Amino acid sequence: MISNQVLQSTIEGVKNISRIELCIIDVEGKELASTFTVEYIFGDLIDAFVNSPADSQVVQGFQFFKVFDEHSLEYIVVAKGASEDVYMVGKLVAFQIQSLLVAYKERFDKDNFIKNLLLDNLLLVDIYNRAKKLHVEPHVKRIVYLIETDPEKDAKIMDKIKEIFPTKTHDFLTSLDEKAIILLKEIDDGTKNDDLLDYANGLVKMMKEEFREDVKVAYGTVVNDIKDVSRSYKEAKMALDVGNIFYEERAVNAYSNLGIGRLIYQLPVPLCQMFIREIFKKNTPDKFDEETLMTIDKFFENSLNVSETSRQLYIHRNTLVYRLDKLKKQTDLDLRIFDDAITFKITMMVVKYMTYIEDNENDHWR
């Protein structure tokens, strides 16, 4: 449960103070951490101590100490030397490892609690009982941030982030799959929406600087009670999906700022299909050529301004008018008319949503 790196750091720190050589071995005799070469103490010597009822033992100039995880033997601490000072240091190391086991187990329990909390798998009474047992304050403001990563680039990125992530004691970092890292962050009473956005942008910047990885961050709304954390998670998940569908250029998406994309995302699929057929009839968007699609995008980008759009496309005004008239014949929608432009824009967003649904049919979270 405890990483070998932590074990090694612990005994090296003790050795630097006490000048006593130390080693930690698992119950099978495998060396996990050591400050000296220990090949010759493996074998029958360890087997005999593991099977002995004694918690400590001195054999051939070494002192052995058992470390239990509850009632199960987890580690063996070996201290080099037979003096009382060596015994005292070995006993202290065993006690330290025992304390680390308790701390790591509590953290593991908290991680399971947070995961079940996010997934809304707990009864209300269980939420408060477990929160009290794990010393998690139930009545504080929190928000869920999702950091979307590329699992194919580095399968161990979660472990790396845990080592350097600038979280407070009351913040929690976990994951439910390989696609995103979840940060449950405690929020101060004076925190404003701009502060939440700034923090999200800071996460993007940190991932870029620390791992040279471009990520997307999404977040839900602030909740005042631990029982509502799952709501903030669902909002963050929706913000991540909606951002990937409709706002691909954004690195950060907030649930409270998804606009019409959030509305379309919640529409039933049959209704979306019917709407597309009604508007486009047989002229589906995949039949539009690249020139037409580019013209449409630029026209919307310039707020339906014909002169500015033609200038940016380096075409004559009459050429742009011709293209818009051609589109009108295909769809019965004149993009120079505001109502028609809105209808077309919404329909194209629905088409993007349907494409996303088809591409992610097997693992769509809803």
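The values are calculated or read from the model by the stated rules, or taken from the named source; none is laboratory data. It should be emphasised that the depicted structure is a prediction, and the values quoted were computed from it without experimental measurement. Every residue, glycine as well, gets a Cβ built from its backbone with ideal geometry; the counts of neighbours run over all protein chains shown. Ligands, DNA and RNA are excluded from the accessible area calculation, which covers all protein heavy atoms including side chains. Shrake-Rupley method; radii C 1.70, N 1.55, O 1.52, S 1.80 Å.
Examine the stretch 246-259 for a residue that is within 15 Å of VAL350 (Cα to Cα) and in contact with a strand residue (DSSP E or B) (Cβ under 7 Å, 6 or more places away or on another chain), and state whether such a residue exists. Looking for residues that are within 15 Å of VAL350 (Cα to Cα) and in contact with a strand residue (DSSP E or B) (Cβ under 7 Å, 6 or more places away or on another chain), one finds at least one in the stretch 246-259, hence yes. Screening the candidates ASP286, ASP177, ASP214 for the property of being at pLDDT below 90, under 19 Å from TYR353 (Cβ atoms) and either open to solvent by 20 Å² or more (accessible area, probe 1.4 Å) or in a loop (DSSP other than H, G, I, E, B) (or both) yields one hit, ASP286. Quick one: which residue in LEU118, LEU122, LEU146 is farther than 26 Å from ASP189 by Cα, modelled with pLDDT of 80 or more and buried (at least 17 other Cβ atoms within 10 Å of the Cβ)? Residue meeting the stated conditions: LEU122. Only one entry in LEU324, LEU293, LEU320 is in contact with a Phe, Trp or Tyr (Cβ under 9 Å, 6 or more places away or on another chain) and closer than 13 Å to PHE344 by Cβ, namely LEU324. The single condition among (1) under 30 Å from ALA200 (Cα atoms); (2) open to solvent by less than 20 Å² (accessible area, probe 1.4 Å); (3) without any contact (Cβ under 8 Å) to a residue 60 or more places away in the chain that THR355 does not meet is (2). Checking each residue in the stretch 221-243 for being among the charged types (D, E, K, R), within 25 Å of ILE264 (Cα to Cα) and out of contact with any Ser or Thr (no Cβ under 7 Å at 6 or more places or on another chain) picks out ASP228, ARG231, LYS234, LYS237, ASP241. Every residue in the stretch 261-283 that is among the charged types (D, E, K, R), more than 37 Å from the chain's Cα centre (by Cα) and in a helix (DSSP H, G or I), please. Within the stretch 261-283, ARG277, GLU278 meet the criteria.
Of all residues being open to solvent by 40 Å² or more (accessible area, probe 1.4 Å) and either outside any helix (DSSP H, G or I) or of a type in the set (Val, Ile, Thr) (or both) in the stretch 62-90, which is nearest to ILE17 (Cα to Cα)? Just the residue, please. Don't jump to the end; show me each part of the working.
Step one: filter the stretch 62-90 for residues open to solvent by 40 Å² or more (accessible area, probe 1.4 Å), giving 68, 70-72, 74, 80, 82-85, 87-88.
Checking the rest, the ones that are also either outside any helix (DSSP H, G or I) or of a type in the set (Val, Ile, Thr) (or both) come to 68, 70-72, 74, 80, 82-83.
Values: PHE68: 25, GLU70: 29, HIS71: 31, SER72: 30, GLU74: 25, LYS80: 15, ALA82: 18, SER83: 17 Å.
Taking the candidates together, the pick is LYS80.
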